[in-house]
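The structure under discussion appears below in the form of structure tokens.
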Amino acid sequence: MDLLFHRDVVVANLASGSRGNCTYVGSPTQGVLIDCGLSTKQVLQRLDQIGLGKVRINGVMITHEHTDHVASARILSDRLRKRQGKPVPFHMTRGTASNLNPRCAPADVVPIAAGISFTLGALKIDPFRLPHDVADPVGYLISLHDVNVGVITDLGRTTRLVEQQLSRCDVAVLEFNHDEQMLMDGPYPWALKQRVRSAHGHLSNDESEALVAASATPRLKHLILAHLSEENNRPELALAAAARGLHRAGLRRVEVCVASQRQPMGPVEVRAPTEPSKPPRRARPPARPHTQPPAPRPREAQLPLFSRYS
Ligand SMILES: [Zn+2]
Ligand SMILES: [Zn+2]
């Protein structure tokens, strides 16, 4: 059981929407945050609320410089360093770093580039370009024990690359930002409506439905609807669009939930494939009873998940 526990992959959205975004991806004991757009107090409180209060945060991945994704970076960076006794790296593109509000800048920035994947301990992290109205935004595909988790929000349209990344996901945190009609009938000024609808704004329910229909594969187990607009969308409309998309993709067994601005989502846990990367074993001759020492525990279960920062 111990081994299985260590191979669970945990995904928990702490908040999602224009007032703050933050998602945890990792094991039950350590992992990374994607974005930190809500206060440090809220990040830590919400982790605690869903039973992840003791997880070690080994890095923070920033998608872009909008405040709802980066607001607490400086203070969170200080707090994590004190809590964990070491600086915690904040990964972001150079474009994001140079356009960050200096009041948000964290202590330890590690530059990354779209299209260049890297590892952080056992995590493989693949940042990829998104179309959004900032300097150099990225989404992330994070792999642990052969389980792929995609965080794909803040994009005005889909691209071939986004479709490819979604097709690889076991768990997808995917933007369902607005209902087109609600946006057009709603209170936003005209210029803001045009910005949201543009190719560098946000995905509508219909656009995300089409993306799911075109790209989700039987690999997908959990679909988390994210970055819903509080003024221009309703959870039931986003859920209906997601259901249509999954139906069109021929997928019947995907668990769908809506990430909320106000409260953290209970963690999604995915059991990793039992032997992800080892070649198939050859059949062993039957063991002679009482003469063999007990088999050693697989080493993987004893290795720390993160070596560089833990
Ligand atoms: Zn945003
Ligand atoms: Zn944004």
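Summed over region 190-216, residues that are farther than 22 Å from Asn13 by Cα and not acidic (Asp, Glu) total 15. The residues of region 204-231 that are closer than 16 Å to Val171 by Cβ and part of a helix (DSSP H, G or I), listed by number, are Ser208, Leu211, Val212, Ser215. Within region 129-153, the set of residues being out of contact with any strand residue (DSSP E or B) (no Cβ under 7 Å at 6 or more places or on another chain), within 17 Å of Gln164 (Cα to Cα) and away from ligand 1 (no atom under 14 Å from the Cβ) comprises Asp146 only. Tallying residues that are within 16 Å of ligand 2 (Cβ to nearest atom), touching a Cys at 6+ places or on another chain (Cβ under 8 Å) and in contact (Cβ under 8 Å) with a residue 40 or more places away in the chain within region 36-64 yields 1.
Quick one: is Arg81 within 16 Å of ligand 2 (Cβ to nearest atom), surrounded by fewer than 19 Cβ atoms within 10 Å (Cβ to Cβ) and at pLDDT 95 or above? Criteria not met by Arg81. When region 177-213 is limited to residues that are under 13 Å from Arg248 (Cβ atoms) and buried (at least 21 other Cβ atoms within 10 Å of the Cβ), the one that is farthest from the chain's Cα centre (by Cα) turns out to be Glu209. Of the numbered criteria (1) in contact (Cβ under 8 Å) with a residue 40 or more places away in the chain; (2) in contact with a Gly (Cβ under 6 Å, 6 or more places away or on another chain), the one Ser260 fails is (2). On the given criteria, is Pro111 over 27 Å from Asn177 (Cα atoms) and without any contact (Cβ under 8 Å) to a residue 40 or more places away in the chain? In short, yes. So which residues in region 103-139 are outside any loop (DSSP other than H, G, I, E, B) and either over 17 Å from the mean Cα position of the chain (by Cα) or within 21 Å of His202 (Cα to Cα) (or both), if there are any at all? Hits for region 103-139 are Arg103, Cys104, Val109, Val110, Pro111, Pro127, Phe128, Arg129, Val138, Gly139. Condition first: assigned to a loop (DSSP other than H, G, I, E, B), small (Gly, Ala, Ser), on the phi > 0 side of the Ramachandran plot and within 17 Å of the chain's Cα centre (by Cα). Can you find one or more residues in region 10-24 that meet it? Yes. Scanning region 80-102 for residues that are in contact (Cβ under 8 Å) with a residue 40 or more places away in the chain and assigned to a helix (DSSP H, G or I) turns up Arg94, Gly95, Thr96.
Would you call Arg56 away from ligand 1 (no atom under 16 Å from the Cβ), among the basic types (Lys, Arg) and in contact with a Leu (Cβ under 6 Å, 6 or more places away or on another chain)? No, not satisfied.
Residues that are crowded, with 20+ Cβ neighbours inside 10 Å, farther than 27 Å from Gly37 by Cα and of a type in the set (Ser, Thr, Tyr) within region 214-248 comprise just one, Ser215. Among the numbered conditions (1) part of a loop (DSSP other than H, G, I, E, B); (2) away from ligand 1 (no atom under 16 Å from the Cβ); (3) buried (at least 24 other Cβ atoms within 10 Å of the Cβ), the only one that Cys36 does not meet is (2).
The values are calculated or read from the model by the stated rules, or taken from the named source; none is laboratory data. Worth saying up front: this structure is predicted, and the values here are computed from it rather than measured. Note: ideal-geometry Cβ built from the backbone for every residue, glycine included; neighbour counts use all protein chains shown.
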